[in-house]
Each structure stands twice: as structure tokens, then as C-alpha cells.
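Peer 1: Got a structure for you, written out below as C-alpha cells; questions coming shortly.
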Amino acid sequence: MKDVFILGIESSCDETAAAVVKNGREVLSNIISSQIDIHTIYGGVVPEIASRLHIQNINGVIRLALKEAGKTFDDIDAIAVTYGPGLVGALLAGVSEAKALAYALNKPLVGVHHIEGHVAANFIAHPKLKPPFVCLIVSGGHTHLVVVKDYGSFEIIGKTGDDAAGEAFDKVARAVGLGYPGGPKVDKLAREGNPHAIEFPRGEIKGAPYDFTFSGLKSAVLNYINHANMTGEEINKADLCASFQNAVVESLVERTVACAKEYKYDTVAMAGGVSANSALRKAMEEACTSAGLSCCYPDIILCTDNAAMIASAGYYEFINGNIADEYLNAVPNLKLGER
């Protein structure tokens, strides 16, 4: 069988990335140009700045990805690009580049859902992993509990009704004074604290056992900080971060394992930026072991936004004949399962 090489392009937020992936599983290159240092000045991603930097960086990133992979455009079978969800200007930078390349090189163009890409990161990290399985998708913009029925086919079992888990991490980090990006900083400081020092609430949605809610937890943390400031009490930031993180992790793990058991799947995967959280990984592994389930998640570099995951997801779309035309456009609010 002929090997298939996919060039992946990712620009949905503040990473300009390109990668070459062989047969959906083997990463030949994965180049990421991060904008974190620039956006840290503003306390978060500034969409207009992100878009401009994507335009400046994208050609160089693609050239470097091809060089590192030891490939030329002639070796590439298709070009896969994130077309949603994400920041519309940032998405347009990648989509426009991919469309221009596909047209000029006469190569097939494949549009990839960003979240589908995060799920596909597990296929790279675990070459023997195949659907079906349960996947917890946790990032700055998404918290979904899904059944991956097949490559590119998902059934949403639960989702957040308000804040995404990563968004809650960022807001709490900002309130504590840790800055941006919040998730890794909360995780690091939480290792020095007591996760049971402060009892924060675990939100539930009546009638929807697999849905998530983090707005109440976020408000409880902010109220705790405001009360301490008004009464002059000293805040142990490590304990606060550890207790907040523990509440988030318990909510995520309990629902995920319960879902796998009820729907009778023996494998649980995690995807998205928050799946890099050390406490979440440890708790999910322990809970899955106790329940007799397999647990998997990507390497850290594949948890955050990258193009290797887009190329992997694009491979399965490509071999299934899902080819985009010249009218492919950025869809900032693209829902999982939509095309």
C-alpha cells in the first residue's frame, strides 16, 4: 500500500504550525511558532496581533516543516488545514495559505475541525489505538465528553453549559495574579499546595449527568479571594490553586469514567490543552485502573495546538474522500460533527 504524506497547517489561535505526517500516525516534522511571549504582555490573546503574526510566520513554518521531514511539495499527497473553530482572522490566515498551495500545486485540500485534530493526537501517541472509545476533550474553549465512533465520527455525550475547563483555569490564574497562560501556572503552583485545604463546590446540571459547569466554581474562587481581601486574611495561593484544580479534576474524571462504564467502552482518551495537566493525568489513570479501563493521552507537545494532529485527522478525512473545494472558508463557531 502506498504511503500517504499529509501537510498539516494550524492557525486557529496563537500558534502558527505546520507538520508532515505519514499515514496518519508517524510524525516526520511538527513545527510550532508560538506567540505566547507577545500576548503575555496583554494578559491574553489579542486576535488582531495573532492574525498578523500568522501571516508573517506561516511560509517560513511550512518551509521548515518540509525541510525537517526531508520532503518537498511533490511528495505531499494532500494539504490539511484547520478551518474552525477558532479566531476568525487567525483561521483565515491558515485557510488562505492552504487554499493557495492546493491550487498552485494541484493538490487535494482537506478541511479539519480543530477539535477532531485534538482527538487525533491520540492516534499519533498511541499507534494501536482505534475507535470506538470515550474521549474527554478539555481545552481553553471546549469541554466535551464524546464517544469516538469512528475516524471523524463523534457522538457528544456531555459538554459544558458555561465556561470551558481551560477558561476557568485562565480566569482563576488571573485572579490570583499568576498571569497568562493560566493553566500551566496553576498546575505548577498547585503541586505545592493542599488540594483539600478549601472545599470548593462541584457543579452539576440537573437532568444532564454528563454535562459540565464551571461558572459556579469560578465564582466561588473569586468570592473567596474577595472575602479574604476585605477581611485582611492572607491567601495561601498554592492551597487555593490546588483546591480549585482538585474540584475541576474530580468533575472531569468522575463523569468520564462513569460514561465509559455506562456506555460499555473499555478505553478512555483525553485531548486538548488541559489534558496536559499533571493532576488530571494522575487522577484519570488511577480512576481508570480502578474501573478496569485503559487510559491514554497525547505527549505534552501534542496536547496544545499543533499541526501534526491536524495532519493526522486530515489523513483520515482524505482516505474517506472528504475533500474540500475552493470555497472552503473559516468557520469560527464550527460545532463538532459539522462540516
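Quick note: the coordinates plus some simple rules give every number you see, no bench work behind them. Everything quoted here is computed from the prediction, not taken from an experiment. Counting neighbours? That spans all protein chains shown, and the Cβs are built from the backbone with ideal geometry, glycine included.
Peer 1: Once the other residues with Cβ under 15 Å from the Cβ of residue 214 are scored (Lys, Arg +1; Asp, Glu -1), what is the net sum?
Peer 2: Local net charge: -2.
Peer 1: Grab the beta carbon distance between residue 231 and residue 204, set R0 = 30 Å, and tell me the FRET efficiency rounded to 0.05.
Peer 2: In this case the efficiency is close to 0.50.
Peer 1: Using DSSP, restrict attention to beta bridges with both residues in segment 132-299 and report what percent are antiparallel, rounded to the nearest 5.
Peer 2: Within segment 132-299, antiparallel bridges account for around 60 percent of the total.
Peer 1: Gaussian network model of the chain, Cα springs within a sub-10 Å range: biggest mean-square fluctuation belongs to which of 95, 138, 176?
Peer 2: In this elastic network of the chain, the residue with the biggest mean-square fluctuation among 95, 138, 176 is 176.
Peer 1: So which lysines pass the test for residue 335, namely a Cα distance under 21 Å, with those fewer than 8 places away in the same chain ruled out?
Peer 2: 149, 159
Peer 1: Is the shape of segment 1-159 best called rounded, prolate or oblate, per the rule: a/c under 1.5 gives rounded, else a/b larger than b/c gives prolate, else oblate, with a ≥ b ≥ c the square roots of the Cα gyration tensor eigenvalues?
Peer 2: Oblate shape, in that a/c is at least 1.5 and b/c is the bigger or equal ratio.
Peer 1: Another question, then. Order the peptides 286-293, 243-250 from the highest to the lowest mean number of other Cβ atoms within 10 Å of their residues.
Peer 2: On the way: 286-293: 14.5, 243-250: 23.8.
Result, highest mean Cβ count within 10 Å first: 243-250, 286-293.
Peer 1: What full-extension length gain, to one decimal in nm, is calculated for residue 38 and residue 130 as 0.36 nm per residue of separation minus the Cα-Cα distance?
Peer 2: 29.3 nm
Peer 1: For a paramagnetic label modelled at 7 Å from the Cα of residue 149 toward its Cβ, which residues of segment 320-339 fall within the zone defined by backbone nitrogen distances under 20 Å?
Peer 2: In segment 320-339, the label zone of residue 149 (backbone N under 20 Å from the point 7 Å along Cα→Cβ) covers 320-323, 335-339.
Peer 1: Also: Checking the table 67/99; 22/282; 130/261 against a 24 Å threshold on Cα-Cα, which pairs fail?
Peer 2: Over 24 Å apart, Cα to Cα: 22/282.
Peer 1: Hey, another quick one. Using Cβ counts within 10 Å as a stand-in for footprinting exposure, how do 266, 211 rank, fewest first?
Peer 2: Sorted ascending by nearby Cβ count, the order is 266, 211.
Peer 1: Under a 10 Å cutoff between Cα atoms, tell me which one of 280, 328, 109 has the largest fluctuation in the Gaussian network model of the chain.
Peer 2: Fluctuation is largest for 328.
Peer 1: Right, next: Would you order 230, 309, 270, 1 from fewest to most other beta-carbon atoms within 10 Å of each residue's own beta-carbon?
Peer 2: Least crowded to most crowded, the residues run 1, 230, 270, 309.
Peer 1: Follow-up. Once you place label points 7 Å from the Cα toward the Cβ at residue 323 and residue 106, how far apart are they in nm?
Peer 2: The modelled label-to-label distance comes out at 1.2 nm.
Peer 1: Roughly what percent of Cα-Cα pairs across segment 132-299 reach past 30 Å?
Peer 2: 16
Peer 1: In units of 2.2 N^0.38 Å, what is the alpha-carbon radius of gyration of segment 70-138?
Peer 2: Values: Rg = 14.4 Å, N = 69, 2.2 N^0.38 = 11.0 Å.
For segment 70-138, the normalised Cα radius of gyration is 1.31.
Peer 1: Kindly point out, ordered by number, any Cys in the chain whose beta-carbon has no other cysteine beta-carbon under 4.7 Å away.
Peer 2: If one checks each Cβ against the other cysteines of the chain, 13, 135, 241, 259, 296, 303 turn up with nothing under 4.7 Å.
Peer 1: Here is a further query. I'd like the distance between the alpha-carbon centres of segment 211-254 and segment 281-302, rounded to an integer number of Å.
Peer 2: 24
Peer 1: Additional query: Using the Kirkwood radius over C-alpha pairs as Rh, can you work out the diffusion coefficient of the chain via Stokes-Einstein at 10 °C, viscosity 1.306 mPa s, in µm² per second?
Peer 2: Result for D is 78 µm²/s.
Peer 1: In addition: From zero outward in steps of 10 Å, how is the percent of C-alpha pairs of segment 1-74 spread across the bins?
Peer 2: Histogramming segment 1-74 at 10 Å steps yields 20, 44, 24, 10, 1 percent.
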